[in-house]
1. Comparing B:30, B:86, B:96, which has the greatest mean-square fluctuation in the GNM of chain B with Cα pairs linked when under 10 Å apart?
2. For the range B:5-156, would you read off the P(r) tail past 25 Å as a percentage of all alpha carbon pairs?
3. For the protein assembly as shown, take every pair of Cα atoms, bin their distances at 10 Å starting from 0, and report each bin as a whole percent.
4. Take the alpha carbon gyration tensor of the range A:12-146, find the square roots of its eigenvalues, order them as a ≥ b ≥ c, and report rounded if a/c is under 1.5; if not, report prolate when a/b exceeds b/c, else oblate.
5. Ranked by Cβ crowding within 10 angstrom, fewest neighbours first, how are B:89, B:56 ordered?
6. Just want the ordering: A:47, B:137, from fewest to most Cβ atoms lying within 10 Å of their own Cβ.
7. Could you list A:9, A:114 in order of exposure, starting from the residue whose Cβ has the fewest other Cβ atoms within 10 Å?
8. Per-residue ellipticity at 222 nm for the protein assembly as shown, helices alone: DSSP H runs ≥ 4 residues times -39500 (n - 2.57), over residue total, nearest 500 deg cm²/dmol?
């Protein structure tokens, strides 16, 4: 038995579920119009936007655990690489944006998601997370080339 | 207003900044090579190059490409003067309905730019993000290998 979550966690979960399913099922207002534009053009088709339900509903980001972690590494990796099906022959569940977004654009988007979908304090180390992701990808590429993998 | 380079030429477009690049290409610039398939970055029909790397233009807002270089199928050649990749697809008859091909060709172009002599396995892996419901998959592999020979100066 996992037991009952404490009162604070229960309340946070209820609020997140209400935001994800109710009339406010949209990101909160933002002062970062560049990032809001990125969200509208790259994310909203699946994750939803104000006044319009997505045609292909993906996770409502008010319910995202990655957006609530102490560091943004997971969010950075998901946006860069996408989300892949365990069946490697299948299409990804979410496309990756590593080729599309510059580091500056990615950092702005990640900061916006944290503000728009959670009550957590802003991340202050997003650029370091992006650098770690880039270094990881580069080392993986070097390993593949060394092993002569396609 | 967004400015970027398209197939080597400067462009200035007036679409709203959150408009998907695909709609800007097709509706504002009348470049209908890139195709609308799923609108969700799942099928690959809309693929274009951004700074030489393949992206799904249906989920790339045009604001993203400000001051960057976009490449589309129209930049690879014309009907009367097809580029090496287009010529190879024609000669291998690697197109059936053709709807997915412009996107496939752009991701192929990205591979051939970095890999001069790709194996069949490398080609299949590279083109994995592209859905095609016709039946020319093996011919597509041959077409890329033929194009690679052309790009190295070969004749066939």
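Laboratory data are not the source of any read-out in this text; all were calculated from the coordinates shown. Just so we're clear, the structure is a prediction, and the values are computed from it rather than from any experiment. When we count neighbours, we look across all protein chains shown, and the Cβ atoms used for this are built from the backbone with ideal geometry, even at glycine.
1. Comparing B:30, B:86, B:96 in the GNM, the peak value goes to B:30.
2. Values: 2891 of 11476 pairs.
Above the 25 Å cut-off, the range B:5-156 has 25 percent of its Cα pairs.
3. P(r) for the protein assembly as shown, in whole percents per bin: 6, 25, 32, 23, 10, 4, 1, 0.
4. Details: a/c = 1.87, a/b = 1.46, b/c = 1.28.
Prolate, because a/c is 1.5 or more and a/b exceeds b/c.
5. Numbers: B:89 25, B:56 30.
Starting with the residue having the fewest Cβ neighbours, the order is B:89, B:56.
6. On the way: A:47 22, B:137 12.
In order of increasing Cβ crowding within 10 Å: B:137, A:47.
7. Numbers: A:9 10, A:114 22.
Exposure proxy ranking, most exposed first: A:9, A:114.
8. On the way: 10 runs with 114 residues, N = 306.
Calculated at 222 nm, the ellipticity per residue is -11500 deg cm²/dmol.
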